[in-house]
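These notes concern the structure reproduced below.
The values are calculated or read from the model by the stated rules, or taken from the named source; none is laboratory data. Since this is a predicted model, take the numbers as computed values, not measurements. Methodologically, a virtual Cβ is constructed for each residue, glycine included, from the backbone with ideal geometry; neighbour enumeration extends over all protein chains shown. Surface accessibility is based on the protein's heavy atoms, side chains included, excluding ligands, DNA and RNA. Shrake-Rupley method; radii C 1.70, N 1.55, O 1.52, S 1.80 Å.
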Amino acid sequence: MTSQSIPAGAAVPLLTRWGLTPDADLVFRTLATCGPDTAAGLARSLGMSRRRVDDALEDLYGAESVAPAGRRTGPREEAVWRAGSTDSVVQRLRRRQHRAAVQPQVRCSVPRADAVGLSPDIRHLTSRDKARKRLVVLFSHARHEVLTLNPEQAFEVASMRGGATAGRHLGERGVPTRIIGVQAADPHRLVPYGGLSSRPWASYRVRSDVPMKLIVIDRRVALFPVDPHNYERGYLEVAQTALVASLVETFERCWSAAQSPQEVPMPVFPLTPREEALVSLLVQGLTDAGAAQQLQISERTVSNLLRNLMDRLGVENRFQLGVALGSLRVAQYPIGRTDLSASRSHEDHERERT
């Protein structure tokens, strides 16, 4: 999205004609005329409450009319928002209005709380996409801590990409993140702890089960799915102090009972007596020929045994086989030896070169 700053007093189209709120129209008009600003700055200059500005920014972001433009440092670091170019914004809003006219049944406006029996501190984000966009705004305001419960065994690509980006931004700002996930049923044996500890910006723990999907920002706002079996039905955003405190208590109980990924034992990988004897000889430094002589089998049988192990572990070469067996604590390596590839005979190397 490109941005532009137009001269004060220049014509800016009314966004209310395309379904945006008057607050959203006013915030867009201010950003387009005066240039990028934070939510706090907009609230001060417009004399609006911070909640109204946040809601307006959420509507504009969902309509692809504004975008984050970096961060403003200071006593309280905040996201800076910029308006898109008026021409491109109008084009997108026209297309959205046309789609709504053609397919009115997929309309996804957020209902008023009193219209659905919810209190003013509970909002229904009526689709997964709206929840993702709302989280962008909430994460931009996060200051103290983000807590997450993930009951999924696998994630959509969009969710993984968005979560990684948001996590990095939180980490860069020094906002601690704690995540509880489900231990993978079949973790990748070439990635330490199934990749669960590959997030330097977060503290991660695992459990055999996680009770619900939950995201809590600064212990003041919580989001969770309306339907735990179908996230596409949207999320509830809760700001009731007592309810958020109860959800935080649920997270803390799960955190206390969870384990770090390093503490979770890898699945048992049994070896046959012949495989165990072969691996033991190879990690001691014997060549294929030497191991074959010790076991009184042919070198071809040695190669077939190793190939079978590679197929069972889903690896492609002897180095990966050594890493996988080591991570499973099946092979104990002598000092200075880290893989099975060093055990190959001179003939193996000659065959590879030819």
Under a 5 Å amide H to amide H cut-off, with H placed in plane at 1.01 Å, what residues pair with V80 once short-range neighbours are removed? A69, G70, R71, R72
If Lys and Arg each add +1 and Asp and Glu each add -1, what is the summed charge of the other residues whose beta carbon sits under 9 Å from the beta carbon of E145? +2
Phi-based couplings in Hz for the stretch 136-149 (Karplus 6.51, -1.76, 1.60; Gly and Pro marked x): 4, 5, 5, 5, 5, 9, 4, 10, 10, 5, 10, 10, 9, 10
With a 1.4 Å probe and all protein chains kept in place, how do H229, H141, H124 rank by accessible area, largest first? H229, H124, H141
Of 80-90, 204-214, ordering from highest average Cβ density within 10 Å down gives 80-90, 204-214
